[in-house]
Amino acid sequence: MQLNYEDIRAVNISVKKSLCYLLFLASCSPRTQNHDNKDLTSTTFLDYAASYHVSDISLAEFERVSRMDGNSSGINPHAKALKSIEDNASMVIAEKLGAQPEQILFTSSATISNNIAILGVAHKNPGCHLITSKIEHKSVLNIFNRLENNGYSATYLNVDRYGNINLDQLRRSIRPDTKLISIQTLNSEIGVIQNINAIGQIAKDHGVLFHSDGAQAFGKYDINVEKANLDFLTISGHKIGAPKGIAALYIRDRSKMQPIFFGSGDNLFPGTKSTALIAALAATVSNCHFDRAKIDRNFYLLISKLLLMDDIYINSLLPSHIVSISIGGVLLKDVLERMREYSFSAGCSCIGQGTSNVILAIDPQKKLPSCTLRISFSDSVYPADLINFAEKLKITVEQLRKEKNIAPGCSVDKQKQKDLNQRLQEIQELLNLPKQSE
């Protein structure tokens, strides 16, 4: 049988589609992901603040919508079908926040969302004053630094030992030309949760716009944009199980900002929308169930085991899915090398080179040891994994100190050890755990 041009073209298209689908499946398979890291299957993942695993529901929705033809910006039936999916996703996100669907803007990352919100307000109010804290994510602090270099003024709020801002200092910092307050909901390094409802009320009382980077909090902790008087809220997809590359920004009133990007489509984030990623995010949010009771118990359980170590500083006071610790008498690189069967972070997964601004803010006198670790987990992490991690870390630290002739507890003053013992006792009572022998 002789094939004509149309037959050949149809076969080629079919083959290409099949190849694309096979490549997509290959990219999702554990074997492909672990090709350069064959030992990952035996590595316990404790870095959920960096990224959650992609949920099966999210991945299935991404695949389904990826197979649909068209572009949501068009006017034909295919375009309208895609636009309907995006509209539904907006409703899902809005319902989660107590917002309206038209107030949701889909972006490609939390960093982009932060830029759109902060720069959008700044460009609307040239030379204005803005307020943030010293423990914000770099995607916020770097924007503020850039604005300061271009004629704007900024106030960076101090925090206490555990990262809490002072609401009185916030009130005192507001000036007649203050146009925006940007405070993170939940800090990605030490897990401190700010009182955004109180911050939002202060902002509202003074007629100042309020933005919060909620990348670590959205989907895990309750956020209501009305109760918090939020004007902008940054949302991240991959922190809760959606694929990387999708995020969102809640915007109360678009007239309060100016665009920072230019092109076709939405004037705040122009360009062709990734409908498949948007659908995947909506699927994740619809099926996201974060068990706070398990998180709280895991938090206290982990700390109760970590406090059995000498010369350890706990940088996370109240329960969240993040625990930050600083350990004396050891080098960070040595600990990381000896603990390779666990995936966790050195302070934060994205601080790059140099000292963390968060640690500098909670420890301005630089009394904390330089070895700072961040352990983060989900509600699906087994308590036994956290116990094993703490026990392994204790053995590792003691061995490293022994190798360097550092006596256990040599740098711990008596008052600090007394305080740690008291907290350990309180945690044991919370968990109904048997008291450890001294």
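Below is a table of values for the structure above.
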quantity	calculated
Search result, residues across segment 124-139 that are within 16 Å of residue 231 (Cα to Cα) and part of a helix (DSSP H, G or I)	124
Selection from segment 166-203 of residues that are of a type in the set (D, E, K, R), over 17 Å from residue 140 (Cβ atoms) and outside any loop (DSSP other than H, G, I, E, B)	168, 171, 172
Residue satisfying condition, being buried (at least 18 other Cβ atoms within 10 Å of the Cβ) and of a type in the set (Lys, Arg), within set 305, 294, 244	305
Given (1) surrounded by fewer than 11 Cβ atoms within 10 Å (Cβ to Cβ); (2) modelled with pLDDT of 75 or more, number of the condition residue 4 does not satisfy	(2)
Test: residue in segment 155-165 that is without any contact (Cβ under 8 Å) to a residue 24 or more places away in the chain and either surrounded by 18 or more Cβ atoms within 10 Å (Cβ to Cβ) or outside any helix (DSSP H, G or I) (or both)	no
Segment 66-90, residues that are aliphatic (A, V, I, L, M), surrounded by 14 or more Cβ atoms within 10 Å (Cβ to Cβ) and without any contact (Cβ under 8 Å) to a residue 60 or more places away in the chain	79, 81
Single condition residue 113 does not satisfy, out of (1) surrounded by fewer than 18 Cβ atoms within 10 Å (Cβ to Cβ); (2) under 24 Å from the mean Cα position of the chain (by Cα)	(1)
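The values are calculated or read from the model by the stated rules, or taken from the named source; none is laboratory data. Since we're looking at a predicted model, the values are computed, not measured. Counting neighbours? That spans all protein chains shown, and the Cβs are built from the backbone with ideal geometry, glycine included.
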